[in-house]
Amino acid sequence: MIAPVTSSSAPQRLRDLALLRRVRDRIDREYAEPLNVEALARGVHLSAGHLSREFRRAYGESPYSYLMTRRIERAMALLRRGDLSVTEVCFTVGCSSLGTFSTRFTELVGVPPSVYRREGARVTAGMPPCIAKRVTRPIRNREARAAEPQLA
């Protein structure tokens with residue numbers, strides 16, 4: 001449960017949110033670099049635990065999960081191009097383990113990267129890149145729509 005913001009805590013909360021935006025922006029810019037929660041926290045002078053708790057509170061997911069989602073989004077675009085192998089894409093987006101990359105990709109996208117590489121370009125053929133990015137955005141489990149109730 002989020003505590004109500006009082007007048008004395010509001011300025012501190014705004015400062016915290018500004019720091020969290022800096023962390024999120026850094027992840028967006030440097031997703032292909034070796035990033036970890038400790039390094040991100042050091043960059044904004046917070047402890048790793050505090051950063052993780054506050055990031056989750058503000059954005060609904062951990063910094064690591066956000067980073068992996070950015071990497072998978074970029075991987076999807078590279079795989080649709082079709083000129084790189086799955087292994088090359090894995091390392092290009094900053095993942096150091098092909099197994100972890102493939103597992104996370106499959107969790108978020110619903111198909112393994114090799115299948116997406118074969119079929120992904122067909123899905124977005126003729127779409128402007130800005131629309132293709134929106135249409136192919138990975139959906140985390142909690143964001144997936146629940147099945148509509150069946151009326152008998």
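In Å², what does the accessible area per residue of the stretch 1-118 work out to with a 1.4 Å probe?
55 Å²
Summarising the label geometry, the points placed 7 Å from Cα in the beta-carbon direction at Arg118 and Thr92 lie 2.0 nm from one another. Per-residue packing, averaged as other Cβ atoms within 10 Å, sorts the ranges 102-115, 69-82 into the order 69-82, 102-115, beginning with the highest.
Extension gain for Arg21 to Ser9 (0.36 nm times residue separation, less C-alpha to C-alpha distance): 2.5 nm. Using a ≥ b ≥ c from the Cα gyration tensor of the stretch 22-117 (square roots of the eigenvalues), is it rounded, prolate or oblate, where a/c under 1.5 gives rounded and otherwise the larger of a/b and b/c decides, a/b for prolate? Prolate is the answer for the stretch 22-117, as a/c is 1.5 or above and a/b outweighs b/c. Protein heavy-atom surface of the stretch 1-126, 1.4 angstrom probe: 55% of the accessible area is carbon and sulfur, with nucleic acids and ligands not counted.
The values are calculated or read from the model by the stated rules, or taken from the named source; none is laboratory data. Model, not experiment: these values are computed from the prediction. Backbone-built Cβ (ideal geometry, glycine too); neighbour counts: all protein chains shown. Only protein heavy atoms, including side chains, enter the accessible area calculation; ligands, DNA and RNA are left aside. Shrake-Rupley method; radii C 1.70, N 1.55, O 1.52, S 1.80 Å.
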